[in-house]
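K.L.:
Sharing a structure below in structure tokens format, with a few things to ask.
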Amino acid sequence: RRLYHDDAYVRRFDAEVVAITTWKDQPAVVLDRTAFYPEAGGQLGDRGTLGGVAVLDTQETDDAIVHIIAGDAPAIGTTVAGELDWARRRQHMAQHTAQHLLSGTLLDRAAAPTASARLGESALTIDVARDRIPDADLAAAEDLANDLIDDDLAIRAWFPSPDELAAMKLRRDPKVAVDVRVIAIGDFDFSPCGGTHCARTSQLSAVRVIGAERYKGMTRVTFTAGRRGRAELFSRDYVLRSLATLFSCGPAEVPLAIDKLRRDADTAGTELTALRGRLAGMVVQQLLVDGGTGPVVAALPGDAELLRGVGAKLVAAGRDAILCAPDGEGTTVVMFRAPGSSLDCGALWKQLAARIGGRG
């Protein structure tokens, strides 16, 4: 008996152990009744405890719900107390309901029917059968979803009669022919689903679309909601305020401050390139005072870019260049071969690597 079908808010229950089995070589038990939801429909399985033993996951086989445990299984016939990891289940309910709501608004505002959804540990995604959804359509779908959250709509989960089911306008076709369970979000969305859901839309807090990308000819929409959404919002707010403090401005002015910093960096980079070029020219003048024709071998203070600049100018003067810049962590080596030279850079490199411990 699936207690979550009767009441998704049951978090503690008693049940009898009716079978002991394994799931991927881990011990597992089957109960005569359970409030643990098994992974299905894009929603992850519940965790919690059974008789004080940790339930690591909940899965479904062809004929049973199995509770994967960390420890010794209780004996068959034993009555055990089950308790859900409620914070996890509560978030799963919020994000599953948010997925239904957003799928409905994506269809309504963006003409984008849902093909599949995944409510994972690290990301919540909806794949919709439309390529290249305009940002304005995504924003309209998000706005409608949050308007419906503000409306505090009641959410109902039940098994309608065949006649009642036939009269409904479901957002998608059911995957089973009998015992079809329907989730109704007010009068806005009716979808067949066996998962756990909130009782009212206001319990979602908010829905936020945080990304959209093309995926296999469709669009993958990434979103967040519930406790996860609040945590991400608070985390980003902390980062934004930290940046505002760093730039001595208000949070709303951070983008302008970063843009100014980028422009200043571009200007400084242009000036640095010019100065590095002038310095390379001066270094080359000093290195060519010998008037020779063989390779120029030198250790220079500077970075790899300066070495490249010096090497390029030496090559332009018809000289091979073997340059290095030692620092506290190692040595940067740059080789240039002038046109017509017989210098074997590869062979020389192997010798250097063997001597100073480089790889390439």
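K.L.:
Given the criteria surrounded by 11 or more Cβ atoms within 10 Å (Cβ to Cβ), farther than 30 Å from T224 by Cβ and without any contact (Cβ under 8 Å) to a residue 60 or more places away in the chain, does V284 qualify? First the steps, then the outcome.
P.N.:
Numbers: surrounded by 11 or more Cβ atoms within 10 Å (Cβ to Cβ): yes; farther than 30 Å from T224 by Cβ: yes; without any contact (Cβ under 8 Å) to a residue 60 or more places away in the chain: yes.
When the stated conditions are applied, V284 passes them.
K.L.:
Could you look through the stretch 24-44, keep only residues that are part of a strand (DSSP E or B) and small (G, A, S), and pick out the one that is least open to solvent (accessible area, probe 1.4 Å)?
P.N.:
Residues of the stretch 24-44 part of a strand (DSSP E or B): 26-31, 34, 40, 43.
Filter again for small (G, A, S), leaving 28, 40.
On the way: A28: 0, A40: 36 Å².
The extreme case among them is A28.
K.L.:
Same structure again: Considering only the stretch 288-331, state which residues are in contact with an Asp or Glu (Cβ under 8 Å, 6 or more places away or on another chain) and open to solvent by less than 50 Å² (accessible area, probe 1.4 Å). If you could, list the steps in order and put the result at the bottom.
P.N.:
Filtering the stretch 288-331 down to residues in contact with an Asp or Glu (Cβ under 8 Å, 6 or more places away or on another chain) leaves 294-296, 314, 325.
Once the filter is applied, which keeps residues that are in contact with an Asp or Glu (Cβ under 8 Å, 6 or more places away or on another chain) and open to solvent by less than 50 Å² (accessible area, probe 1.4 Å), the stretch 288-331 yields G294, V296, L314, A325.
K.L.:
I've got another one for you. Quick one: which residue in G277, G269 is touching a residue at least 12 places away in the same chain (Cβ under 8 Å), part of a helix (DSSP H, G or I) and either out of contact with any Asp or Glu (no Cβ under 7 Å at 6 or more places or on another chain) or within 15 Å of A321 (Cβ to Cβ) (or both)? Steps first, answer last, please.
P.N.:
On the way: G269 fails: touching a residue at least 12 places away in the same chain (Cβ under 8 Å).
Matching residue, one of G277, G269: G277.
K.L.:
If you don't mind, there's one more thing I want to ask. Residue by residue through the stretch 189-202, note down the ones that are hydrophobic (A, V, I, L, M, F, W, C) and touching a Leu at 6+ places or on another chain (Cβ under 6 Å). Spell out the reasoning first.
P.N.:
Taking the stretch 189-202 and keeping what is hydrophobic (A, V, I, L, M, F, W, C), we get 190, 193, 198-199.
Listed by number, the list holds a single entry, F190.
Table: residues versus (1) farther than 29 Å from L144 by Cβ; (2) polar (S, T, N, Q); (3) open to solvent by 50 Å² or more (accessible area, probe 1.4 Å).
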residue: R208; (1), (2), (3): no, no, yes
residue: R227; (1), (2), (3): no, no, yes
residue: R230; (1), (2), (3): no, no, yes
residue: S235; (1), (2), (3): no, yes, yes
residue: E253; (1), (2), (3): yes, no, yes
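K.L.:
Need pairs with beta-carbon distance below 8 Å; first residue on the phi < 0 side of the Ramachandran plot and within the stretch 346-357, second open to solvent by 90 Å² or more (accessible area, probe 1.4 Å); sequence gap 6+ or separate chains.
P.N.:
A353/R359
K.L.:
What's the number of the condition D189 fails, among (1) within 16 Å of the chain's Cα centre (by Cα); (2) surrounded by 17 or more Cβ atoms within 10 Å (Cβ to Cβ)?
P.N.:
Just one mismatch for D189, condition (1).
K.L.:
Does R220 satisfy being surrounded by 12 or more Cβ atoms within 10 Å (Cβ to Cβ) and either within 30 Å of the chain's Cα centre (by Cα) or without any contact (Cβ under 8 Å) to a residue 24 or more places away in the chain (or both)?
P.N.:
Answer is yes for this residue.
The values are calculated or read from the model by the stated rules, or taken from the named source; none is laboratory data. From a predicted model like this one, the values you see are computed outputs, not experimental measurements. All Cβ positions, even for glycine, are placed from backbone atoms using ideal geometry, and neighbour counts span all protein chains on display. When the accessible area is computed, the model is the full protein with side chains, heavy atoms only, and any ligands, DNA or RNA have been set aside. Shrake-Rupley method; radii C 1.70, N 1.55, O 1.52, S 1.80 Å.
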